[in-house]
1. Which members of segment 105-127 meet the condition of being buried (at least 17 other Cβ atoms within 10 Å of the Cβ) and in a strand (DSSP E or B)?
2. How about segment 78-104: which of its residues are acidic (Asp, Glu) and exposed (fewer than 14 other Cβ atoms within 10 Å of the Cβ)?
3. If we only count strands (runs of 3 or more DSSP E) wholly inside segment 1-89, which ones have 3 or more residues that are within 11 Å of the chain's Cα centre (by Cα)?
Amino acid sequence: MGIIEARLELRNPRKPEIRAVETPALADTGAYLLIIPEHVAIQLELETLDEREITVADGRHIKVPYAGPIELKFENRKGYFGALVMGDQVLLGAVPMEDLDLILSPKERRITVNPESPNVASGGESKTNQARYRRYE
């Protein structure tokens, strides 16, 4: 499929006076959550809400901070999420992509809003999402 990136705007909704961070993000369907580097969490003055144990690529289990809330904007979509704080780049995982009703276009190597619901997120009931899940039945 190749690398698919998107431009996101991240903001701390609890501190609207702090400037939003505009950043490239790598679409990572192997990750469930939003993942942000520590410098983004610091810049947004995010609160560490918890610690999460995750499994990394080499099979090790590590604990990482879970911070938030984060307001995430992509094109005309907006949602509120927590994020794992780790690594050196923003990763957009499956849960925020589903929640915002975003579609990966491997041929065009980009993320788009669901064309069947261009104005608001459909909540997973579109024909595109139904076809996506039928593959696993």
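1. Result: Ile111, Val113.
2. Asp88, the sole residue that qualifies.
3. Values: elements: 5-11, 21-27, 34-36, 47-55, 61-74, 77-85.
Fully inside segment 1-89 and qualifying: 5-11, 21-27, 34-36, 61-74, 77-85.
A quick yes/no check of all residues on (1) under 12 Å from Gln89 (Cα atoms); (2) at pLDDT 95 or above; (3) surrounded by fewer than 19 Cβ atoms within 10 Å (Cβ to Cβ):
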site	(1), (2), (3)
Glu9	no, yes, yes
Pro13	no, yes, yes
Arg19	no, yes, yes
Thr29	no, no, yes
Ile36	yes, yes, no
Gln43	no, yes, yes
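The values are calculated or read from the model by the stated rules, or taken from the named source; none is laboratory data. Not measured: the values here are computed from a predicted model. So basically every Cβ, Gly included, is an ideal-geometry build from the backbone, and we count neighbours across all protein chains shown.
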